[in-house]
Each structure stands twice: as C-alpha cells, then as structure tokens.
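Right, one structure below, let's go through it.
Just so it is clear, none of the values below were taken in a lab; they were calculated from the coordinates. Quick caveat: nothing in here was measured; it's all calculated off a predicted structure. Cβ atoms come from the backbone with ideal geometry, glycine included; neighbour counts cover every protein chain shown.
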Amino acid sequence: MAEMPQLVKLQEELKDAGFALIAIHSQAVPKEQVLKLLKQNKVNYTVVSGGEVPGNPVSGIPAGFVFDSSGKLVGKGKPGNLKGTIQKLLESEPHYLAAGRKYSSKVAAVAESLKKSTAYGQALKRLEKDASGSGPAAEEAKYLAERLTAHGEDLIAKAKALEAVDAYKALQSYGDIATRYKGSKLGEKGEARQKELKADKDFQEELKAATVLNSILTECNGLVWQGKGEINLENAMNKKVSPRVTAGVQMLKKKFPKSKAAARVNGELSIYGFKNV
C-alpha cells in the first residue's frame, strides 16, 4: 500500500517506453474491497488475483521482479528499489515498437530515438526514404515503419471505441494521435477526426456532459478514504465535498438527461459511497 503511489508514478512515466507493471494480489479479502483500494490509489497498472514466479518463493511483501523483453528474470527485491534496474533495461533493450530485429546504422538511429521521443510522425518521415530503396536497410525501414503505423492505427481504433463511451477521453485521444503522428497520414487522420467531432452537434452535446462528469470525478478526488477502502460521506472532511458532488450530478442529469455520461454517473460514483444520487 505504501509503495502504490510510487508504482503509479513509475508506470505513468515509463508507459511510452513499453514498461508494463503487473501486480499480484494475494490476500484473502473480497474482490470489491480490492477494487476500492485500487480506485483509492488511482492504480494505472494491471492487478491479477494470485500468481507466483516459479523458483522464486516470496516470504514477505512487497516483493518485485524485473523481466527483460525476452522474459528473462534480471532483478528482484523491493519494488521501490528496482527503478535503477528498470532504467538500465530501458537504455539497453530495444524500444517495444522497434523490437524483433537488429538494425543497420540509419534505421538504428530512428529505432533508438523512440526511447526519447513520441514524435512518431517524424520517425516515419525519416524511415520513408530508406524504405523506398532496396536491400537489408530498406527491409528494416519498412518493418519499423509498419510497426509504427500499426501502433497508430490501434490508437485510432481505441479512440473510435471511446466515442461511444466517453466523448471527453475520445477527443483527448485524437488530439494525442495528431500530436504524436504529426506530419504523417495518421496524424492527419487524428486531426481530421477532431475537426469532424467539433462540428458534430450531437457529439459536442455529449462532450459537454462528459466534461461535467469529469469535473464531478475530479471533486471525488478530494474525498478522504478510511480503513478497508471505505469512504464515510458523513466524515467532517467529506461533508465539504459530498454536496458539491451531489449538486454536480443533479445538474448533469437535469441538463443532459439522455447523455451517456448521465447514464454512467451513478456507476462511477458507487465506489465512492454515493447511491442513486
């Protein structure tokens, strides 16, 4: 529990490098309680129920294990003490989008640049000239360009799926794609979809509702959690926040009664102890 904030920060900092943190929950408490605790700590990594690292019994928690891109165990100890090992790996291992091949000098420079920048559109531009030729370097450039393109198309597909669920996050995602892939067709796609959605009256109405919901959830960040992952809305500190949350919900339902955000709000707030606001 004490290291969770550090792990959340680490995952956020290194997500673009392909770092993936997987935590094993191994204590005998109800799943609902675990979910509340994860929500409380704004956990942004995968948590599974039960598991082990063969040949490495754990006698106390927290215990951490670091694996390289081939799956080899290369470090173990307290999670908070493994950051140095992880950083060295990120410097020595290929970026996950460049993994799978060895590259000659020109393409290797582009592959290495992915560790320091998410300007994937610029990387695609640099690969374009080499990919148009022939020989090993051209094949390498084509392979890496295909990997970058497939990643961008996956991001667009995820943004598209978000349109039906969360207009706020969908628009953010298209903006991110437009920035990362600026100067490429994928960047143009992201930017074009942003413009289409800004001109779509129905989407804009849903976006307004989603923005209100986002502000309500931001208010919930000010709630104080008690032991066992519970929130007592009658707590003196929470009494200041609770009325603002309730007022926000009532305004959302009154102004945007048919919105997806209004349909989601009670489910989103249930973990904070609000019922049928």
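Assorted remarks:
- Extents of segment 18-158, largest first, come to 59, 33, 22 Å (Cα atoms, principal axes, whole angstrom).
- Each of residue 99 and residue 134 was given a label point 7 Å from its Cα along the Cα-to-Cβ line. The distance between the two points is 3.4 nm.
- Segment 58-143: relative contact order as a whole-number percent, Cα under 8 Å and 6+ apart: 18
- Share of pairwise Cα separations in segment 142-277, more than 24 Å, in percent: 45
- Stokes-Einstein D in µm²/s, Kirkwood radius over Cα pairs - segment 4-92 at 10 °C with 1.306 mPa s viscosity: 113
- Cβ-Cβ FRET estimate between residue 230 and residue 47, R0 fixed at 25 Å, reported to 0.05: 0.85
- For segment 57-62, 3J(HN,Hα) per residue [Karplus equation, 6.51 cos²θ - 1.76 cosθ + 1.60, θ = phi - 60°, Hz, x = Gly/Pro]: x, 9, 9, x, 10, x
- Two-decimal log10 I(q)/I(0) for the chain, as the Debye equation yields it once each C-alpha is a single scatterer, q = 0.10 Å⁻¹: -0.73
- Compactness index (Cα Rg / 2.2 N^0.38 Å), segment 214-270: 1.18
- Each part gets one Cα centre, and for segment 82-96 versus segment 202-277 those centres are 39 Å apart.
- Between residue 255 and residue 33, the distance separating the two model label sites (each 7 Å from Cα on the Cα→Cβ line) works out to 4.0 nm.
- What the Cα convex hull of segment 105-199 gives, in volume per residue, is 80 Å³.
- Placing a label point 7 Å from the Cα of residue 153 along the Cα-to-Cβ direction, the residues of segment 160-199 whose backbone N falls under 18 Å of that point are 160-161, 177-178, 181-182, 184-191, 193.
- Model label points for residue 240 and residue 81, set 7 angstrom from Cα along the Cα-to-Cβ axis, are 4.0 nm apart.
- Each residue of segment 173-181 was assigned a 3J(HN,Hα) from its phi angle through the Karplus curve 6.51 cos²θ - 1.76 cosθ + 1.60 (θ = phi - 60°); the sequence is 5, 5, x, 5, 5, 4, 6, 5, 9 Hz, with glycine and proline shown as x.
- Estimated from helices alone, the mean residue ellipticity of the chain at 222 nm is -18500 deg cm²/dmol (sum of -39500 (n - 2.57) over DSSP H runs with n ≥ 4, per residue).
- Unsatisfied cross-links (Cα-Cα over 21 Å) in the set 83/158; 88/115; 9/88; 9/31: 83/158; 9/31
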